[in-house]
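Bear in mind that the values in this text are calculations on the coordinates, not laboratory data. All values derive from a computational prediction rather than experimental measurement. So basically every Cβ, Gly included, is an ideal-geometry build from the backbone, and we count neighbours across all protein chains shown.
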Amino acid sequence: MTLRPLTDGERTAARLKATAARAERADVKAKLKSGQATVAQVIDAGRTVEAIGRLRVAELLESLPGVGKVRAARIMDTVGIARTRRVRGLGIHQRKALLDLLERGSSS
C-alpha cells in the first residue's frame, strides 16, 4: 500500500508541527536539567500533551543532572522499561516504580 503524495501545504504543515514538537521536547528536557520540572510532572504532562508523550524515557532520564546513557539504561533495566519506550507508553506500575526509584536515589 502506497501513501498518497503530500501537497506542498500539507508538507509545510507537517514540518511546522514536527518543529514545534521538537522545540517542546527540548524545553521539557531543559527544565528537567535545571530542576524547574520533575520527572513526575513530565510523565503527567505526557498523558495529555502529544509532543511530551512521544519523548523517549531514555531521553527523559538522560536530561536529569548526573544521569547519562549508562545510568539511564541501568535505571530502565532495574524498573523493567524497554529502551524504546516512550513516556506515554509507560504502564502504571512502570511509572510508580520509576518515580519510587528516582525518589530513593535523590534522598540518599
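Hey, among Leu16, Leu32, which residue is in a helix (DSSP H, G or I), out of contact with any helix residue (DSSP H, G or I) (no Cβ under 6 Å at 6 or more places or on another chain) and within 27 Å of Asp100 (Cβ to Cβ)?
That would be Leu32, the only listed residue that is in a helix (DSSP H, G or I), out of contact with any helix residue (DSSP H, G or I) (no Cβ under 6 Å at 6 or more places or on another chain) and within 27 Å of Asp100 (Cβ to Cβ).
Among the residues that make up region 78-86, is at least one of them hydrophobic (A, V, I, L, M, F, W, C) and surrounded by fewer than 16 Cβ atoms within 10 Å (Cβ to Cβ)?
Yes, some residue in region 78-86 is hydrophobic (A, V, I, L, M, F, W, C) and surrounded by fewer than 16 Cβ atoms within 10 Å (Cβ to Cβ).
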